[in-house]
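To start, the structure under review is shown below, and the notes come after it.
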Amino acid sequence: MSAPVILVIAHGSRDPRHARTVHALVRRVRSLRPDVRVETGFLDFNVPSVQGVLESLATEGVRDVVALPLLLTRAFHAKADIPAVLADAPPRLRIRQAEVLGPSPLLLSALERRLYEAGLSPADKSSTGVVLASAGSSDPEAIAVIAEIAREWRHTGWCAVRPAFASASLPRTEDAVRELRELGCARVAVAPYVLAPGFLPDRIARGAAGADVLADVLGPSPEVARVLLERYEAARVPVLAAVGA
């Protein structure tokens, strides 16, 4: 019995860096699991669309698909947009929607990797305040998750960690940078908790003008690829159980 196909579902963007980053991440996932077919679909702006990929898979005779949202929190896209698209899929497909990527200890490791790549070292942790800068959401659940991640990350040795949001919620990145300065942190770093470049990550970067360090987006880091595969494995079990029923 072949493994269910992974369909990575990305938001999409007019910014070409977004799609390039998504495809780089998918290539890393394929390198880790060459035994599993991995496809990519976009909700908006880019091709192929999620619906187009699903129709192609059904035409090929594929039966089992794990739809994997390329999202860090459970907000509107995970709760409404993606289920609506999957509900319109060809009826021959058996589809299981996996959980979003966050929160995960691996993502914290990826954030630290990006900070170290930007010039920090583990020895800097106790004197460095970090802004955990996310895209933002109007969903209270998503905002609460970001705040909890910041609290947990603080316990790993950073001087302080503050959440910030590029849209929909407060504080903004520049406000969190200012707060950490006032708190007395010797240096301030901004860690974008976003997967790919685009409009909101650029806003985070502008808000980080007063910081000492700005890390890159999570992108195709190995930790993100591993989380993606963890979510796949957790979701594929019910799919295979249904096949055997």
Legend entry - Apportionment of accessible area to carbon and sulfur, region 134-198, percent (1.4 Å): 53
Inset, instruction - Pairs of Cα atoms under 8 Å, at least six residues apart: use those to get the relative contact order of region 1-92, whole percent. - result: 36
Legend entry - For Cα extents along the principal axes in Å, calculated from these coordinates, the label among (1) 48, 42, 38; (2) 60, 30, 29; (3) 68, 43, 30: (2)
Inset, instruction - Kindly express, to the nearest 10 degrees and within the range 0 to 90, the angle between helix 105-117's C-alpha long axis and the longest C-alpha principal axis of the chain. - result: 50
Inset, instruction - Mind checking the full-extension length gain between S167 and Y116? Use 0.36 nm per residue of separation minus the Cα-Cα distance, one decimal, nm. - result: 15.7 nm
Inset, instruction - Could you state the accessible area per residue of region 86-195 in Å², with a 1.4 Å probe and every protein chain left in place? - result: 44
Legend entry - Value of [θ]222 nm, deg cm²/dmol, for the chain, DSSP H segments ≥ 4, -39500 (n - 2.57) each, nearest 500: -13500 deg cm²/dmol
Legend entry - Acute angle (nearest 10 degrees) that the helix 173-183 long axis makes with the longest principal axis of the chain, alpha-carbon atoms: 40
Inset, instruction - Would you work out the charge dipole size for region 17-160 about its Cα centre, treating the Cβ of every Lys and Arg as +1 and the Cβ of every Asp and Glu as -1, and quote it to the nearest 20 debye? - result: 380
Legend entry - Phi to ³J(HN,Hα) by Karplus 6.51 cos²θ - 1.76 cosθ + 1.60 over region 144-158, Hz, x for Gly, Pro: 5, 5, 4, 4, 5, 4, 4, 5, 5, 5, 4, 6, 8, x, 5
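Could you give the dipole magnitude of the chain about its Cα centre, charging the beta-carbon of Lys and Arg +1 and that of Asp and Glu -1, in debye to the nearest 20?
Its charge dipole is roughly 300 debye.
The values are calculated or read from the model by the stated rules, or taken from the named source; none is laboratory data. On a predicted model such as this, the values are computed, not experimentally measured, just so you know. No Cβ is skipped: glycine too gets one built from the backbone with ideal geometry, and neighbour counts run over all protein chains shown. Surface areas here come from the heavy atoms of the whole protein model, side chains and all, with no ligands, DNA or RNA. Shrake-Rupley method; radii C 1.70, N 1.55, O 1.52, S 1.80 Å.
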